[in-house]
Amino acid sequence: MITKGAVVEQGRRWQLTSRDLELLKWVGRWRGTTAPQIARGFDLSVKVVERRMRALAELGLVEGRRMLADVPRVHSLTRAGMTAAGIDGDVARPKLAELRHDLVVVDLAHYIERDRRHLVVTEREIRRREPNPAAGQEWQLPEGIEMTVGLGTGGRKFPDLASVRLEEMDVVWAHELERTRKDVPRLTRLMLSYVWSDAVTYVMYWTWPELYDNTMRAAEAANASARELGRGPAPVGVRVWEPSLLDGLEPAAG
């Protein structure tokens, strides 16, 4: 299905298809993503995705940059791409200091969606649903599910991902990817920002293997506080993240 046409340089004409719009909307969920990740998300070949990304870049809808030698080209939407995809908010460009974290978050979302059968919302989607930062710590998931997360000091905390299972829409998970070591008291305070939330049911910290023990100590302290507050026996969980978790995932739905 062809939905739109556009003329690009050198007299070439590309047609923006409904699939291209789906690709734009998906890329717009992230600060940056690679062709292999896009291919996994849509069950396309990497070559097909690379060809479409080049076409969308020629239309001025996508930017692609090779930021690290061992990382494929990273794609993000331009302002024109956001407009075409119907996405509001600031233009997000990948930052070198956060690149590896942000790309692993994309992989983590794929795992949560396919292995755990969750509907996933990204940090950028959460922030775009925030109408007024001064109005309170409110953000929404699809289907009208609301979540509130505060640091207890007037600060704001947005998770890397949030998710629900379709059969348990009132059970809301927040997900954090822990790649850098934090001292246990600080990490415990961050975890407690979720424990104090009335709308977050569970929070899962996905951690690098070498950070597991440190993260678990913080989770044990946070869960002890949760029990004292009557927030349940263990709302904070910790699991090691390994790229091998992506092996054998089922294809994307549709």
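The values are calculated or read from the model by the stated rules, or taken from the named source; none is laboratory data. As the structure is a computational prediction, the values presented were derived from the model and not from experiment. Using ideal geometry, Cβ is built from the backbone for each residue, glycine included, and neighbour counts are taken over all protein chains shown.
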Under 7 Å between Cβ atoms, at least 6 apart or on separate chains: pull out the pairs that start in the range 38-62 with a residue that is small (Gly, Ala, Ser) and end on any residue that is part of a helix (DSSP H, G or I). Ala39/Val46; Ala39/Val49; Gly41/Trp26; Gly41/His110; Ser45/Ala39; Gly60/Ala80
Give me the residue from the range 79-100 that is in contact with a helix residue (DSSP H, G or I) (Cβ under 9 Å, 6 or more places away or on another chain) and surrounded by 14 or more Cβ atoms within 10 Å (Cβ to Cβ) and, out of that set, farthest from Leu177 (Cα to Cα). Ala84
Quick one: which of Arg179, Arg231 is in contact with a helix residue (DSSP H, G or I) (Cβ under 7 Å, 6 or more places away or on another chain) and more than 21 Å from Asp160 (Cα to Cα)? Arg231
Name the residues in the range 158-171 that are farther than 18 Å from Val105 by Cβ and hydrophobic (A, V, I, L, M, F, W, C), would you? Leu166, Met169, Val171
Mind telling me which of the residues Leu103, Leu161 ends up being touching a strand residue (DSSP E or B) at 6+ places or on another chain (Cβ under 6 Å), at pLDDT 90 or above and buried (at least 17 other Cβ atoms within 10 Å of the Cβ)? Leu161
Quick test for you: out of Val203, Val184, Val240, Val236, pick the one residue that is at pLDDT 90 or above, of a type in the set (A, V, I, L, M, F, W, C), under 19 Å from Leu119 (Cα atoms) and surrounded by 12 or more Cβ atoms within 10 Å (Cβ to Cβ). Val203
Could you list all residues from the range 51-77 that are closer than 18 Å to Gln15 by Cα and surrounded by fewer than 18 Cβ atoms within 10 Å (Cβ to Cβ)? Arg51, Arg54, Ala57, Glu58, Gly60
Only one residue in Arg29, Arg19 is part of a helix (DSSP H, G or I), under 28 Å from Leu249 (Cα atoms) and not polar (S, T, N, Q). Which one? Arg19
